[in-house]
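Please read the structure below before turning to the comments.
None of the figures in this text is laboratory data; all of them are computed from the coordinates on show. Only a predicted model underlies this, so the values are computations on that prediction, with no experimental measurement involved. Glycine also receives a Cβ, built like all others from the backbone with ideal geometry; neighbour counts cover every protein chain displayed.
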Amino acid sequence: MAKTAKRSPIDPQNRTVAQNRRARHDYEIVETLEAGLVLAGSEVKSLREGKAQLRDSYARVQDGEVWLYGVHIPPYLFANGFGSVDPDRRRKLLLNHREIDHLGQRTNQDSLTLVPLAVYFKQGRAKVELALARGRKLYDKRHAIAARDADMEARRASAGAQRSGREFR
């Protein structure tokens, strides 16, 4: 009988490089999808080192293609002149034509924004979690924080009741 090797929960092939935590606070996420990221030269090595910033980044549909703006990937330290690119250049996202058309229609008709939520590696390839999002007003942000805090309190109360052995209703 052959033994099957257990995979560790932290897979080095699938790891998050950068997250845009502020996006979930500033925007109401309507829909998310995964897109491939076209990188040049030593940008992959910089990403593997975990060096990327998604703050103030966004995506835009132009001429049937999706472009990512405002992502800062610093140059790889050990790249000697060759292969160095602008760290703040726009980067192309890889999506199906159907997905690109869908995103273009939704951003134009519904006043939605394309916001990158995370950059990660999946089976050795750089991916971006892209979200269709609607901007929040200040009062919406406060309401979201209050709802999250109330949910956390409810979970704590039910967990405490389960630990003490009594039922929570």
Counting helices only, and only those DSSP H runs with n ≥ 4, report the 222 nm mean residue ellipticity of the chain as the sum of -39,500 (n - 2.57) divided by its residues, in deg cm²/dmol to the nearest 500. -10000 deg cm²/dmol
Taking the Cα-to-Cβ direction at GLN123 and at ARG48 and moving 7 Å from each Cα, how far apart do the two end points lie in nm? 1.9 nm
Assertion target for VAL61, VAL44, ordered by fewest C-beta neighbours within 10 angstrom first, is VAL44, VAL61
Against the longest principal axis of the chain, how steep is helix 138-164, in degrees 0 to 90 to the nearest 10, with axes from Cα atoms? 50 degrees
Of all alpha-carbon pairs in region 89-169, indicate the percentage at a distance above 20 angstrom. 61 percent
Here P(r) for region 15-136, Cα-Cα distances in 5 Å bins, as whole percents, is 2, 11, 22, 24, 19, 12, 6, 2, 1, 0
